[in-house]
Amino acid sequence: MQAGVDAENTSQAKFKMTKTHFEYVSLHLFLNTINNEKVFKDVRIKPLMLQLVTIYALDILIKDPSGCYDTGFFGADATVNMRAALASMIDSIRPQMLPLVESFYVPDMQLNSCIGNSYGDIYEAQSEWAKDSRLNKNSGIPTYFDELMKPILNGGKL
């Protein structure tokens, strides 16, 4: 039984190590690309990309900070501070979310969302989706209302 448990623990440790390495490489490549002077023609994009990579890094650390705590790199309030920093970063990037979503070409059928569609008619599309929703197809009054609810609303007892 012990050999099976050790093999499972080893397998889990290898998976965690692989995942952590992948996240590190992703962050490293993202930062290298952002810091390459030739990548962005518009100087306003680099600060936005730095905010995105910071949000990504904070998200990774918040999901699994155990390695940083185990090595003593993080103190007692580190997770609280990271959550506050993440909330602040998300608030600061919020005005840029629509342009960010629209910057990636994703076909409307695949996106399946009014936000970021190719026409830019967010409010009109959202209104149409609401009108066409199955939730708005009936008369609005459930069939059981007259029998079960109306007596209670008119002063009846439960």
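The values are calculated or read from the model by the stated rules, or taken from the named source; none is laboratory data. The shown structure was predicted, so the numbers you read here are calculated from the model rather than taken from an experiment. Cβ atoms come from the backbone with ideal geometry, glycine included; neighbour counts cover every protein chain shown.
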message: Of everything in the stretch 1-19, what is at pLDDT below 90 and either of a type in the set (Val, Ile, Thr) or closer than 21 Å to residue 89 by Cβ (or both)? Give them in sequence order.
response: 5, 10
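Conditions tested, residue by residue: (1) within 19 Å of the chain's Cα centre (by Cα); (2) in contact (Cβ under 8 Å) with a residue 24 or more places away in the chain; (3) at positive phi.
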residue	(1), (2), (3)
12	no, no, no
18	no, no, no
39	no, no, no
57	yes, yes, no
70	no, no, no
73	no, no, no
95	yes, no, no
message: Quick check on the stretch 51-70. Is at least one of its residues of a type in the set (Phe, Trp, Tyr), part of a helix (DSSP H, G or I) and closer than 30 Å to residue 16 by Cβ?
response: yes
task: Test residue 66 against the criterion of being within 21 Å of residue 26 (Cα to Cα) and either touching a residue at least 40 places away in the same chain (Cβ under 8 Å) or loosely packed, with under 14 Cβ neighbours inside 10 Å (or both), and give yes or no.
output: yes
